[in-house]
Amino acid sequence: MKKTILAVTLLAAAALAQAEISPAKQELINKVLQLQQPTLDQMSRQLAEGDALRLMQNAMSVIQFKVPPEKREALAKDVQGDVKKYVDDVRPMLRDRLTKLAPGAVGPLLDGRFSEDELRQLIAVLDSPVLRKYSQMAPDLNKAIFEKISADSKSQIETKLRALDAAIVKRLSAVGVMGAAPAASK
């Protein structure tokens with residue numbers, strides 16, 4: 001029994017020794033995390049906007065199909081305002097939480113998979129002015145491709161989406177869900 005306790009204690013001590021990060025490596029990990037802050041900011045925006053945009057899209061679908069035409073524009077603006085207020089409220093909270101949680105989530109991964117030399121190389125890449133410039137372009141690049149794909153496929157998508165919506169409403173009506181909102185709003 002004493003041998004088992006001693007073995008477990010030695011294994012635990014060895015694991016703790018491996019888990020401890022040298023101050024130099026911890027400094028490198030902190031630098032990587034600092035350089036990744038724009039990515040965390042982007043992630044917080046995506047998290048905040050993701051569900052809110054889906055809710056807004058669902059509401060817009062309901063507005064389009066269920067609201068009298070003369071009331072659609074005003075109601076759509078009100079919904080967009082509510083979504084913007086939500087995102088403006090939630091995004092800073094998510095950014096702060098991501099910034100706080102990232103070291104505990106990402107730090108051990110960096111420690112386990114990168115040597116100090118590799119971390120230095122990673123920092124050189126992440127801190128590159130060219131990469132920073134390119135990364136800053138990401139919203140413009142995404143917007144450009146989104147605008148192209150939207151313009152290119154808008155009519156095809158809208159036609160198919162209306163057909164899908166009609167099929168779903170028909171199915172809901174068939175099971176007795178009368179006056180149901182389009183399925184996209186569920």
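Considering the range 30-47, the residues that are open to solvent by less than 50 Å² (accessible area, probe 1.4 Å) and aliphatic (A, V, I, L, M) include one that is farthest from the chain's Cα centre (by Cα), namely Val32.
Checking Ala138, Ala166 one by one, the residue that is over 30 Å from Lys31 (Cβ atoms) and open to solvent by less than 90 Å² (accessible area, probe 1.4 Å) is Ala166 and no other. Summed over the range 48-64, the residues that are touching a residue at least 24 places away in the same chain (Cβ under 8 Å) and open to solvent by less than 90 Å² (accessible area, probe 1.4 Å) give a count of 9.
The values are calculated or read from the model by the stated rules, or taken from the named source; none is laboratory data. Because the structure is predicted, anything quoted here is derived from the model rather than measured. Methodologically, a virtual Cβ is constructed for each residue, glycine included, from the backbone with ideal geometry; neighbour enumeration extends over all protein chains shown. Accessible surface areas use protein heavy atoms only, side chains included; no ligands, DNA or RNA. Shrake-Rupley method; radii C 1.70, N 1.55, O 1.52, S 1.80 Å.
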